[in-house]
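A short write-up of the structure that comes next.
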Amino acid sequence: MKLAIIIVYVDDIILTGDHEEEPCQIKQCLAKEFEIKDLGNLKFFLGMEIARSKKGKAVSQRKYVLDLLSETGMLGCKPVETPMDSTVKLDNNDSSAPVDKERYQRLVGKLLHLAHTRLDIGFSVSVVSQFMNNPTENHMTAVDRILRCLKMILGMGLFFQRISKRNIEVFSDADWAGLVIDRRSTSGYCYFVWKNLVTWRSKKQSVVARSSAEAEFRVMAQGICEGIWLNKLLKEL
């Protein structure tokens, strides 16, 4: 059985498959009904840059990062190695001055999109996204630090290689009552399919865990559920 996959986002479309003829046939069918523009092999999609080599495929958002740093006037900022200061605990009861809410929301939204290829900022973006309604200078300082971290390695992203060993690996972790706001824990897990990172999550847990063990078990359960779905999807493909 031959496989063809169509990925659609508004008017941007990716065609792929395990044989070249299927995507070509789909393009011909679409061209009969709609006016389309064939851009050839995938190089750029929704701010993501795709590069190919003999070793595999790399996906990054280098231009997106540069545009974001330019927009915020931070192209010349001093880079830092970590996206968050571990000594700072952000909360809603902040005495610092309020900042422009629309600008804060816009920046965090762009960072959320950027986190699709930057696993290293996932947790930090998850934290700053919890203060969208009443952001303050301290919250904006945390956002600026994420931008400074992005400046450190502009082209960091994902790399997908073809290997013979086919298995699924999952790694999970959780803090315990790390959020000052409501003392809920944060779950984090990532899945490697055939040694390639394909899915990950950093998310606040829905209830307050009464122990670090409970927080760990909750993230394990969440991760296993996604793993079952991922395994079924791969079997269907």
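The values are calculated or read from the model by the stated rules, or taken from the named source; none is laboratory data. Everything numeric here is computed off the predicted structure, so don't read it as measured data. Cβ: placed from backbone, ideal geometry, glycine included. Neighbour counts: every protein chain shown.
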Subject >> Residue ID - nearest to residue 131 (Cα to Cα), chosen from residues in the range 161-197 that are among the charged types (D, E, K, R) and outside any strand (DSSP E or B) >> reply: 182
Subject >> Matching entry among 213, 142, 221 (being assigned to a helix (DSSP H, G or I), closer than 18 Å to residue 89 by Cβ, of a type in the set (A, V, I, L, M) and at pLDDT 90 or above) >> reply: 142
Subject >> Number of positions in the range 112-146 that are under 20 Å from residue 98 (Cα atoms) and of a type in the set (A, V, I, L, M, F, W, C) >> reply: 9
**OP:** Working only within the range 198-237, note down all residues that are of a type in the set (A, V, I, L, M), out of contact with any helix residue (DSSP H, G or I) (no Cβ under 7 Å at 6 or more places or on another chain) and either surrounded by 16 or more Cβ atoms within 10 Å (Cβ to Cβ) or more than 25 Å from residue 157 (Cβ to Cβ) (or both).
**Re:** 207, 208, 213, 215, 219, 220, 221, 224, 228, 230
**OP:** Please work out which residue is farthest from residue 202 (Cα to Cα), limiting yourself to the range 130-139 and to residues that are part of a helix (DSSP H, G or I) and out of contact with any helix residue (DSSP H, G or I) (no Cβ under 7 Å at 6 or more places or on another chain).
**Re:** 137
Subject >> Flag for residue 119 being surrounded by 15 or more Cβ atoms within 10 Å (Cβ to Cβ), farther than 23 Å from residue 106 by Cβ and of a type outside the set (S, T, N, Q) >> reply: no
Subject >> Matching residues, the range 50-73, being of a type in the set (Lys, Arg) and over 19 Å from the mean Cα position of the chain (by Cα) >> reply: 52, 54, 55
Original post:
Going by the structure shown, is residue 127 over 30 Å from residue 57 (Cβ atoms), touching a residue at least 12 places away in the same chain (Cβ under 8 Å), in a helix (DSSP H, G or I) and among the aliphatic types (A, V, I, L, M)?
Top reply: yes
**OP:** Could you list all residues from the range 86-114 that are among the charged types (D, E, K, R) and buried (at least 16 other Cβ atoms within 10 Å of the Cβ)?
**Re:** 110
**OP:** Filter the range 210-224 down to the residues that are hydrophobic (A, V, I, L, M, F, W, C) and under 19 Å from residue 183 (Cβ atoms), then identify the one that is nearest to the chain's Cα centre (by Cα).
**Re:** 219
**OP:** Scan the range 36-49 for residues that are under 16 Å from the mean Cα position of the chain (by Cα) and either among the aromatic types (Phe, Trp, Tyr) or buried (at least 16 other Cβ atoms within 10 Å of the Cβ) (or both) and jot them down.
**Re:** 45, 47, 48, 49
Subject >> Qualifying residues in the range 1-16 (those that are at pLDDT 85 or above and of a type outside the set (A, V, I, L, M, F, W, C)) - the one surrounded by the most Cβ atoms within 10 Å (Cβ to Cβ) >> reply: 16
